1. What number of residues within region 206-252 satisfy the criterion of being under 15 Å from Ala102 (Cα atoms), part of a loop (DSSP other than H, G, I, E, B) and either out of contact with any Leu (no Cβ under 7 Å at 6 or more places or on another chain) or free of Cβ contacts under 8 Å to residues at least 24 places away in the same chain (or both)?
2. Inside region 334-420, counting only strands (runs of 3 or more DSSP E) that do not spill past its ends, which hold 2 or more residues that are of a type in the set (A, V, I, L, M)?
3. Could you run through region 356-401 and say how many residues are open to solvent by 60 Å² or more (accessible area, probe 1.4 Å) and under 25 Å from Gly322 (Cα atoms)?
4. Quick check on region 87-99. Is at least one of its residues in a helix (DSSP H, G or I) and surrounded by fewer than 22 Cβ atoms within 10 Å (Cβ to Cβ)?
5. For region 194-226, what are the residues that are of a type outside the set (A, V, I, L, M, F, W, C), more than 19 Å from Leu79 (Cα to Cα) and either buried (at least 19 other Cβ atoms within 10 Å of the Cβ) or out of contact with any Asp or Glu (no Cβ under 7 Å at 6 or more places or on another chain) (or both)?
6. Is it the case, given these coordinates, that Gly144 is at pLDDT 95 or above, in a loop (DSSP other than H, G, I, E, B) and open to solvent by 20 Å² or more (accessible area, probe 1.4 Å)?
7. Could you run through region 62-83 and say how many residues are part of a helix (DSSP H, G or I), surrounded by fewer than 24 Cβ atoms within 10 Å (Cβ to Cβ) and not charged (D, E, K, R)?
8. Cβ contacts < 9 Å: first residue more than 20 Å from Pro376 (Cα to Cα), restricted to region 390-401; second residue open to solvent by 20 Å² or more (accessible area, probe 1.4 Å) and in a helix (DSSP H, G or I), any location; separation 6+ or different chain. Result?
Amino acid sequence: MGFTAVVGTQWGDEGKGRFVDYLAESAGMVVRYQGGNNAGHTVVNEHGTFKLHLIPSGIFRKGCVCLMGPGMVVSLSGLLAEMDELTAGGIDLSGLRISERAHLVMPYHIALDKADEAFRKHGKIGSTLKGIAWAYADKALRVGIRAGDLRDMESLKAKVAKGVELHNRWIVQLYGQEPLAEKAVLDEVLAAAARLKDLVVDSVPLIRHARLTNMNVLLEGQLGTMRDLDWGDYPWVTSSSPVPGGAAVGAGIPPQEIKRSVGVVKAYTTSVGEGPLPSELNDESGLSLREIGMEYGATTGRPRRCGWFDALPVRRSVEVGGVTELALTKLDVLDSFPSLKICTAYEKDGAQTLEMPFALEGWKPVYEEMPGWREPTRHVRRWEDLPAAAQAYVKRIEELCGAPIRFVSVGPGREELVTL
């Protein structure tokens, strides 16, 4: 019992939502601790297939409190759309809560995101255009609007008006775009406030109760270490900290309370967006990984860049995040490959390194080749029933990454899982 962080160890899209949904069976609370609706968690269970972007993945578990934590930036329109979709699917949202300290993504943040990405031309970050970076920038500039502001309509009106005035200066003078209409922004925000204000809470008493009752609490991260603002491949990063240390701040948890960190890692490498990806495959194998693994972004639908498993970012994630165990996903995607490769080092200008470089540009993968198993694994539920070559592949990843693998998923469903 206690607090467990569920974090991504690669570039994101590792399958965190699938494991939060699984582990939430015994959880009293799930806290999403950072990010916004710029990435998604796909969950497949008895209710259907759902793509969550903001709401914690424990929402499908009866009686589980799902808190959108103070470290998040929340799109009002995105949240309402997600709530409506879940309600239409028969999902009970009575456990949903929003921390009063979570910041809001405003329409002018989205307008600025689109204008800035267009302005960059050849230096694009690969933004999802959801306004996330601009919302976090406002938080740091101390001009942000928070969820708690939704409860005071008069104060909210004044803050929105000030926000529109300030950001229109940037939209017009910096990017040469048309200004936003204050009334349109205000109408959208006030309509959302009417629906959401009763969900807004002080999260500290909830966390206190969880601690005092020794409740099982899951801390759900978004994206992965290679997108972390401090530890990722800057500047192709997000604007918050997905690592377990970010969970303590973004959820309001004393760091010493997080005794368990489950690092979710895909059995190969994927990434959405710009930036170097050393083990990327621009060949038939990369295309096969994408199509077999259905590797398309849950938020944007963009095709994911695919490559062989890269041990260096995962090992760095384990080390800087204090990951205590790994959950390996999508092993079944590799079932048809006659041989597999694992990147064990990088090479550049005749020199090799086992460490993550300061910048990834120009580094090439050094591969170790292993035999494939060429038989289906999706039906397997026991470790000893996996093909010997599959077991060897899993154990080699475990050895290279420095943390024990406790779960191996062989399909997207809850039950399609091998535990070690």
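The values are calculated or read from the model by the stated rules, or taken from the named source; none is laboratory data. From a predicted model like this one, the values you see are computed outputs, not experimental measurements. Methodologically, a virtual Cβ is constructed for each residue, glycine included, from the backbone with ideal geometry; neighbour enumeration extends over all protein chains shown. Side chains are part of the model used for accessible areas, which takes the heavy atoms of the whole protein and leaves out ligands, DNA and RNA. Shrake-Rupley method; radii C 1.70, N 1.55, O 1.52, S 1.80 Å.
1. Result for region 206-252: 1.
2. Working: elements: 339-348, 351-353, 364-371, 405-409, 417-419.
Correct list: 339-348, 364-371, 405-409, 417-419.
3. Initially, region 356-401 is screened for residues open to solvent by 60 Å² or more (accessible area, probe 1.4 Å), giving 358, 361, 364, 367, 369, 371, 374-376, 378-379, 381-382, 384-385, 388, 395, 399.
Among the residues that remain, those that are also under 25 Å from Gly322 (Cα atoms) are: 358, 395, 399.
So the answer is 3.
4. We begin by selecting, within region 87-99, every residue in a helix (DSSP H, G or I); these are 87-88.
Keeping just the survivors that are surrounded by fewer than 22 Cβ atoms within 10 Å (Cβ to Cβ) gives 87-88.
Looking for residues that are in a helix (DSSP H, G or I) and surrounded by fewer than 22 Cβ atoms within 10 Å (Cβ to Cβ), one finds at least one in region 87-99, hence yes.
5. Pro205, Arg208, His209, Thr213, Asn214, Asn216, Gly224, Thr225
6. Numbers: at pLDDT 95 or above: yes; in a loop (DSSP other than H, G, I, E, B): yes; open to solvent by 20 Å² or more (accessible area, probe 1.4 Å): yes.
Criteria met by Gly144.
7. Pass one, region 62-83, residues part of a helix (DSSP H, G or I): 76-83.
Add one more test, that the residue is surrounded by fewer than 24 Cβ atoms within 10 Å (Cβ to Cβ), and what stays is 76-78, 80-83.
Remaining after also requiring not charged (D, E, K, R): 76-78, 80-81, 83.
Looking only at that region, the number is 6.
8. Within 9 Å, the pairs are Leu400/Arg315; Cys401/Arg315.
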